[in-house]
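These notes concern the structure reproduced below.
Bear in mind these aren't lab numbers, they're just calculated from the coordinates by the rules spelled out. Just so it is clear, the model here is predicted, and its values are computed rather than measured. Positions of Cβ are backbone-derived with ideal geometry, glycine not excepted, and every protein chain shown enters the neighbour counts.
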Amino acid sequence: MAIKLNLLPEEHAVNNNLSSFLKTAKALGVIGIAAFLIFGVGLGIFFILSTISLNSVNANVAKLTSRVEAQQKSEQQIVLVKDRIKKVASIQDLPNSLPNLKAIDAYLVNLSGTGSVGQLTVDPKGANLTLSLRTYSDLTNFLENIQSSDDFGSVSLESFSLNSKTGYSVEIKTTKK
Amino acid sequence: MKNLSENVRRAVFAGAPLLIVIVLFMIVGKFGVPKVLELRSQVKSAQKTEEKLTQKLNLLQTLSSDVALKANIVSSALPDTNPALAVMSQLKNLALNQGVVLSEMRSSSATGGTGGLNEVSISFKLDGARPQVNSYLAEITKIAPITTVRKITISETAGGTSADIGVVSYWADFPKTIPAVTEPITDFSPEDKKILSNVSTLIQPTFMKIPPSSGDINPNPFGQ
């Protein structure tokens with residue numbers, strides 16, 4: 001049977017709990033130093049690579065910036081064209097009388113021989129028409145056509161009169177659809 | 001007592017490296033890591049700028065070939081100054097082409113419209129046959145500067161058709177600033193191209209150039 005000998009003086013003796021703590025602390029210290037070295041070196045390499053990358057990208061950005069600046073005239077013209085296009089598009093939404101004239105004119109073209117236009121006023125909201133028609137059937141045909149159409153928001157007969165020489169005289173008001 | 005101090009000394013010596021490593025980790029974590037993260041964020045930001053600039057440069061190089069022509073066309077359709085004179089000239093030319101008689105032309109004072117657009121109203125009288133008057137009115141939409149018909153009053157007599165017309169033409173200040181160099185630009189959308197195509201078909205105004213007078217030169221303009 002082996003005999004354990006402890007030749008250390010009694011004041012140098014270490015109790016068992018402390019001994020295991022010291023071993024653990026030493027091991028952790030070594031692991032920590034190794035981890036820190038790996039971490040530190042890794043971080044340093046990452047820092048250097050990032051700095052190189054940043055410098056390279058910044059140099060390219062500076063080169064591109066000068067090339068874009070050299071095209072400034074083209075850019076100004078593009079901005080101008082886009083601005084004008086936007087404004088032209090907004091003009092297209094502004095009031096215009098021509099669609100209303102076109103809508104009512106389609107009915108007046110068929111009038112030839114049966115009646116005549118006295119006065120036609122067209123604005124962006126609608127049209128106001130004074131019309132003379134010779135016979136009652138001309139009048140009813142015209143009114144039926146215009147009232148049954150889908151071209152107007154509303155059609156109203158504003159005034160109506162009969163003259164034995166000229167025939168029927170009517171005033172019609174239409175509004176935009 | 002001596003035994004206790006020996007134990008403390010050993011514990012301190014054994015724990016010191018661990019403590020130093022923890023402190024070093026804390027220092028590097030506090031200063032080194034944020035620095036590296038900031039650097040990465042700068043790299044990402046610079047890469048984004050680089051990408052934007054590359055796209056912008058490619059687009060500028062593609063569009064630069066015909067953008068000057070487009071700029072001229074749109075500037076003629078919607079100028080930056082009151083276009084009353086150009087519109088009047090266009091309306092007169094149109095009357096000649098359509099065979100109608102144009103008279104009593106007048107322009108009212110300009111007004112500021114919406115969205116940076118300014119408007120000038122022009123009124124005139126037309127005399128002619130009804131089909132020609134209608135054709136004239138339809139052709140107004142085809143002239144540059146852009147002009148819209150606001151009011152039409154047509155009177156028909158045995159002698160023909162007489163029409164009082166009110167039209168409006170527009171102008172707007174040119175843009176005063178261009179976007180920052182790193183600001184991206186976009187290509188023309190299909191709607192933009194459609195408007196450009198419509199605008200490019202407008203009849204351009206023609207002006208007669210009056211050369212400077214070559215008459216007698218007064219040798220002493222400030223003399224008596």
### Summary
For chain A the mean separation of alpha carbon contacts under 8 Å (6+ apart) over residue count, i.e. relative contact order in percent, is 14
### Query
When the dipole is taken about the Cα centre of segment A:101-172, and only Lys, Arg (+1) and Asp, Glu (-1) are charged at their Cβ, what size is it in debye, to the nearest 20?
240
### Task
Calculate I(q)/I(0) for chain A by the Debye formula, one identical point scatterer on each C-alpha and no solvent, and give its log10 at q = 0.09 Å⁻¹ to two decimals.
-0.67
### Query
Convex hull volume of the Cα atoms in the protein assembly as shown, per residue, in Å³?
392
### Message
Suppose R0 equals 30 Å. What FRET efficiency, 1/(1 + (r/R0)^6) with r the Cβ-Cβ distance, do A:ARG67 and A:LEU43 give to the nearest 0.05?
### Response
0.25
## Note on the structure
Among B:GLY166, B:GLY128, B:GLY116, the residue with the largest mean-square fluctuation in a Gaussian network model of chain B built from Cα contacts under 10 Å is B:GLY116
#### Entry: Spin-label model distance (nm) - A:THR24 vs A:SER56, 7 Å beyond Cα toward Cβ
4.8
### Query
Given R₀ = 25 Å, FRET efficiency for B:SER200-B:THR54 by Cβ-Cβ distance, to 0.05?
0.25
### Message
From Cα pairs below 8 angstrom and at least 6 apart in sequence, can you work out the relative contact order of chain B, rounded to a whole percent?
### Response
21
#### Entry: Proximal aspartates and glutamates to B:LYS70, defined as alpha-carbon separation beneath 18 angstrom and excluding residues fewer than eight positions away on the same chain
A:GLU75, A:ASP83, B:ASP80, B:ASP173, B:ASP187, B:GLU191, B:ASP192
### Query
How large is ³J(HN,Hα), in whole Hz, for each residue of segment B:156-168 in order, when computed from phi with the Karplus curve 6.51 cos²θ - 1.76 cosθ + 1.60 and θ = phi - 60°, using x for Gly and Pro?
10, 10, 4, x, x, 10, 10, 10, 9, 10, x, 10, 10
## Note on the structure
Excluding residues fewer than 8 positions from B:LYS151 in its own chain, the lysines with Cα under 26 Å of it are A:LYS86, A:LYS87, A:LYS102, A:LYS125, A:LYS173, A:LYS176, A:LYS177, B:LYS92, B:LYS125, B:LYS142
### Query
Once the dipole of the protein assembly as shown is set up with Lys and Arg at +1 and Asp and Glu at -1 on Cβ about the Cα centre, which of B:VAL181, B:ALA14, B:LEU69 lies farthest towards its positive end?
B:ALA14
### Query
So for the protein assembly as shown, taking the charge dipole from beta-carbon charges (+1 Lys/Arg, -1 Asp/Glu), which of B:VAL199, A:LEU139, B:GLY116 sits furthest toward the positive end?
B:GLY116
#### Entry: Sum of -39500 (n - 2.57) over DSSP H runs of 4+, divided by residues of the protein assembly as shown (222 nm, nearest 500)
-17500 deg cm²/dmol
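Take each uninterrupted DSSP H stretch in chain A, measure its Cα extent along the helix axis, and return the ones at 18 Å or beyond whose mean Kyte-Doolittle hydropathy is at least 1.0.
For chain A, where a helix must reach 18 Å along its axis and average at least 1.0, the hits are A:16-70.
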### Query
Taking the simple approach of a point 7 Å from Cα along Cα-to-Cβ for both A:ASN110 and B:MET105, what is their distance in nm?
3.7
